[in-house]
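Okay, so here's the structure we're looking at.
Read the figures in this text as sums done on the coordinates, not as results from a lab. On a predicted model such as this, the values are computed, not experimentally measured, just so you know. Glycine gets a Cβ as well: all are built from the backbone with ideal geometry, and neighbour counts include every protein chain shown.
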Amino acid sequence: MATNLQFIEQFSIANNTSNVLLDNVFSDKYNVYQILLTGYRQISDTGGQRTTIRFIDSAGNVETGATDYTYASLELNTTTTFGELKSAGTSLIDQVNRVDTTGSGNANIIVYNPYSSNSYTFCQWQSTTVTDPTVVGYKGIGVLKLDETMRGIQLIQNATFGGDNIKATVFGVK
């Protein structure tokens, strides 16, 4: 059976890690990529347990410009009203997910045109967290407003990722 997903690489993320580089995963072979982040939680409840992302340029530098990113995310909470989270002109793409010590999180991130030097890098995501007794989902979009070649992505957990089997799997989409 044929698939449109082409496996590129799987990364195991160590427990108690806050910053993960998925480097050298984007190339001119694909225009669209899927990144699955699975099986993680928060090590400690220090507040602001958000999962965020940045992109890595062709020289290996993480793009951290103060106004280079824009994002909008919808928080889908099962126990309260939905919330809108957004920023125009910030140093990262925020609110990809939110996890705590009692739950587990998963995220599905789609990245568009990261290797093209003639267009911005766009992404969208869906994620979910199960936190007793609440289930929270996120659905969002983001853009890196630089027309440069990106070769990878940085995943950041505001405190630290926790879990025994945390994986980040990267696919090219044909």
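Annotations
- Within the listed set S58, S12, S116, the residue fluctuating most in the Gaussian network model of the chain (springs between alpha-carbon atoms under 10 angstrom) is S12.
- Sorted by Cβ neighbour density within 10 Å, fewest at the top, the residues V173, V25: V173, V25
- Normalised size of segment 5-173, defined as Cα radius of gyration per 2.2 N^0.38 Å with N residues, equals 0.98.
- Furthest towards positive pole of dipole, V99, Q10, V20, structure part the chain, Cβ charges: Q10
- Close amide H pairs (under 5 Å, H built 1.01 Å from N) link I13 with I166, K167, A168, residues at least 5 positions away or on another chain.
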